[in-house]
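Every read-out reported here was derived from the displayed coordinates using simple, explicitly stated rules and does not represent laboratory data. In this text the structure is predicted, and so the values were computed from the model without any measurement. Neighbour counts are summed over all protein chains in view; Cβ atoms, including those assigned to glycine, are modelled from backbone coordinates with ideal geometry.
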Amino acid sequence: MTVGRLKFLIMLALVAAAATATPALTKAVDGPRGTGDLGIIVERAAGRVQIVETTGRTLLARVEGLGDLSHASAVFSRDGRYAFVFGRDGGLSKVDLLTGTLTARVIQAGNSIGGAISQDGALVAVSNYVPGGVKVFSTRTLEPIADIPASYGPDGKLSKVVGLVDAPGQSFVFTLYDAGEIWIADMKDPKTPKIRKFKNVGKLPYDALVTGDGRYYVAGLFGEDGLAMLDLWRPEDGVKRILAGYGRGEKPLPVYKMPHLEGWARAGELLFLPAVGRHEVLVVDPRTWTEVGRIAVHGQPVFAVARPDGRQVWVNFAHPLNDIVQVIDVPTLKVIHEFKPGKAVLHLEFTPRGEQVWISVRDADRVDVYDTRTFAPLVSLDVEKPSGIFLAARAHRIGL
């Protein structure tokens, strides 16, 4: 027998052994496949997620037992195979998109609000309300790696933590809601994080984002008008206030749901941000971080999300005006389309190249998929009380 023939037979044996060892691969998908068009939809009331694929726009599998998903979010492993789901009950769940199974789950806190995955994909961090702080785990095993209590002030109170994102340099950045602080955690030595603290950044920072290049971290301020911005290239310059007093002289409306800054939009040379307590989307020049316009919209915006090509920004709204979606044309800064999917439109997610948008309509137990060029509905999927929609393409984007 030749060496080449022997190598070929060994290869066949290895392939056969792998197929025998992983029969569950066909539970969620029919045959071998990649993860590039897979994602999850959160069924918030049932404590489970639906695994979906976007090419055929179909539901593949349900994964049960994820706990309280009333404010759930997710990030993905760098290969896109695993979704890490953050539950409101402090649960951190690892879901295998290919097998349709829950592979690991830990209750790591009493009340959590989201998380992030590290630059190298080895660490997953969770931001917690109760107890306040950040806990860091191995993405491979969910074993605990580090605990960062968000203590502040002379008596060491614990603050709620929000706005947790990944950043270049193997770092996590997050905001202390009660303390009015921004912290950078350098995780190069994961068991002994180095913490850099920025104090007095503003009153009640409620959420934050990092720009797609990982340079700017921006926190929204619920207790005052304006935003707090930290240049991660030049942290020694400290936190700067931007868009201060954008609503000065106007009486703000009651806030029924906080806008999500992670649902901001960068389209062309502009940023589009939801205004707190106003029926407006703010238009910002990111070169100067100054307001260059406002767009009147249907209600208080929650998400303002850019189509991947930057031509459109799609906006949904807070209760009680949450049955409408509006589309802003970026070149003209005008609302060019409006439609009414149904009560409680909670989330919008574009496919990676932007030809589809997936919209969760909670009170109708439905996820609708639209053609973003024609605005025509493509399909409606039966999903119980859907909220967040997260596609695996997020694995390759900073801050998501």
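Provide the packing ranking of 199-205, 153-159, 68-74, 53-59, i.e. peptides ordered by the mean count of other C-beta atoms within 10 Å per residue, highest first. Before the final figure, lay out the partial values.
Values: 199-205: 18.1, 153-159: 11.9, 68-74: 21.3, 53-59: 14.6.
Top of the packing list down: 68-74, 199-205, 53-59, 153-159.
Going by alpha carbons, how many degrees (0 to 90, nearest 10) lie between the helix axis of 3-21 and the longest principal axis of the chain?
So the inclination is approximately 60 degrees.
Given a Förster distance of 51 Å, report the FRET efficiency between residue 46 and residue 191 from their Cβ-Cβ distance, rounded to the nearest 0.05.
The computed FRET efficiency comes out at 0.90.
Given a 10 angstrom Cα cut-off, can you work out which residue in 150, 83, 46 is the most mobile in a GNM of the chain?
Result: 46 has the largest fluctuation of those listed.
Roughly what would the spin-label model give for residue 138 and residue 70, points 7 Å off Cα along C-beta, in nm?
Using points 7 Å along Cα→Cβ, the separation is 3.4 nm.
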